[in-house]
Amino acid sequence: MKKRISIVTGAARGIGKSIAKQLVEDDCFVVVVDVDENVKESIMDYLGKGNSEYIKCDIQSQDEIKSLFKEVIEKFGKIDILVNNAGVIKDNMIWKMPKRDFDFVVDVNLKGTWMMCREAAIIMRDQKFGKIVNISSRAWLGNNRGQSNYTASKAGIVGLTRVLALELGKYNVNVNAVAPGLIDTPLTQSLSEEVMQQLISAQPTKKLGKPEDIANVISFLVSGKSDFITGQIIHVDGGRSIGSTIF
Ligand SMILES: NC(=O)c1ccc[n+]([C@@H]2O[C@H](COP(=O)([O-])OP(=O)(O)OC[C@H]3O[C@@H](n4cnc5c(N)ncnc54)[C@H](O)[C@@H]3O)[C@@H](O)[C@H]2O)c1
């Protein structure tokens, strides 16, 4: 297939769905990967006939990840782009957080991303081309109470991204991360109105981001326009990562 073959995890909704749409507009074929099977038909309709394929995969499972990559290579013979977007939260103060909630968030966000990167790295190293983008979070900087598990997982993604950029650079594979701030998705729609307003007011731009704000940056990072950029963490957060504001 002439189109660039892209895998996007967590593409059933939210930021991942928007990334998948943008990649289709960029003339990529998108393999939609998610645990949520209920949206299989609707997401493929949304992306347009012949532009995508849905493959169910829980990124906590090494076996499911291995069979996902096997299937993609058997069908398409290559993988040009991997966007590791799937992620979960399970917030609480550390004294109220059971170990299973730490394990769950780290298993999906960090170990899942690592396992996806490992399979892609083997293929992209051998084909001497590839673009990997990992979705971290502005929270990796460590200024959200109640997110010790999430922050550890997203900071882990930052370290992982930098090391993989070192390991894969000479094979013409770029590895970068995007760190979103507050974006309007089903994940954030579960927060209370009061918390949302506090978070919005902490952003210098005083507004909520849209999934497309992230998709636009991904479009650039997987294109030839970013060939000299690797190992970078791009904050797309309305300026929140600058730090707290007094005025
Ligand atoms: N929304 C925000 O404000 C925000 C901010 C910073 C970072 N992020 C990150 O962006 C990414 C997407 O966030 P979102 O807001 O769109 O979330 P979302 O909850 O709306 O969507 C996440 C998707 O990932 C899928 N998923 C969850 N666990 C999975 C698993 N084990 N295997 C495969 N798929 C799985 C879900 O089914 C869902 O479709 C996440 O990594 C999140 O941490 C989001």
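Read-outs: derived from the displayed coordinates by stated rules, not from any lab. Source: prediction; values computed, not measured. Virtual Cβ from ideal backbone geometry, glycine too; neighbours counted across all protein chains shown.
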Filtered hits (lysines, Cα-Cα < 27 Å from Lys49, offset >= 8 within chain) -> Lys2, Lys3, Lys17, Lys21, Lys40, Lys66, Lys70, Lys75, Lys78, Lys131, Lys210
Distance in nm between Asn92 and Lys40 label points, each 7 Å along Cα→Cβ, equals 3.4 nm
Need the list of lysines near Lys96 for cross-linking: C-alpha distance under 28 angstrom, and skip anything on the same chain fewer than eight residues off. Lys111, Lys154
First measure r as the distance between the Cβ atoms of Ile73 and Asn172, then evaluate 1/(1 + (r/R0)^6) with R0 = 30 Å and state the FRET efficiency to the nearest 0.05. 0.95
Descending semi-axes in Å of the stretch 1-101, equivalent ellipsoid built from Cα gyration tensor: 27, 16, 11
By counting other Cβ atoms within 10 Å of each Cβ, how are Leu82, Leu23, Leu47 ranked from fewest to most? Leu47, Leu23, Leu82
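Normalized C-alpha radius of gyration of the chain, against 2.2 N^0.38 Å? Can you show the working numbers first?
Values: Rg = 17.4 Å, N = 247, 2.2 N^0.38 = 17.9 Å.
Scaled against compact globular proteins, the figure is 0.97.
Most exposed first by the Cβ proxy, i.e. fewest other Cβ within 10 Å, how do Trp140, Trp95 rank? Present the calculation step by step, with values, prior to reporting the outcome.
On the way: Trp140 24, Trp95 5.
In increasing order of surrounding Cβ atoms, one gets Trp95, Trp140.
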Inter-part distance where the stretch 187-241 and the stretch 109-182 are each reduced to a Cα centre, Å: 16 Å
In percent, what relative contact order does the stretch 4-236 have, based on Cα pairs under 8 Å that are 6 or more apart in sequence? 21 percent
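Per-residue counts of other Cβ atoms within 10 Å, averaged by peptide: what ranking do you get for 113-122, 67-76, highest first?
Details: 113-122: 20.0, 67-76: 15.5.
Answer by packing, highest mean first, reads 113-122, 67-76.
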Using a Debye calculation, one point per C-alpha and no hydration shell, please list log10 I(q)/I(0) for the stretch 86-158 at q = 0.13, 0.14, 0.25 Å⁻¹ in order. -0.42, -0.47, -1.06
Sequence-distant aspartates and glutamates (8 or more away, or on other chains) whose Cα lies within less than 13 Å of Lys207: Asp184, Asp237
How would Ile7, Ile19, Ile65, Ile233 line up from fewest to most surrounding beta-carbon atoms within 10 angstrom? Ile233, Ile65, Ile7, Ile19
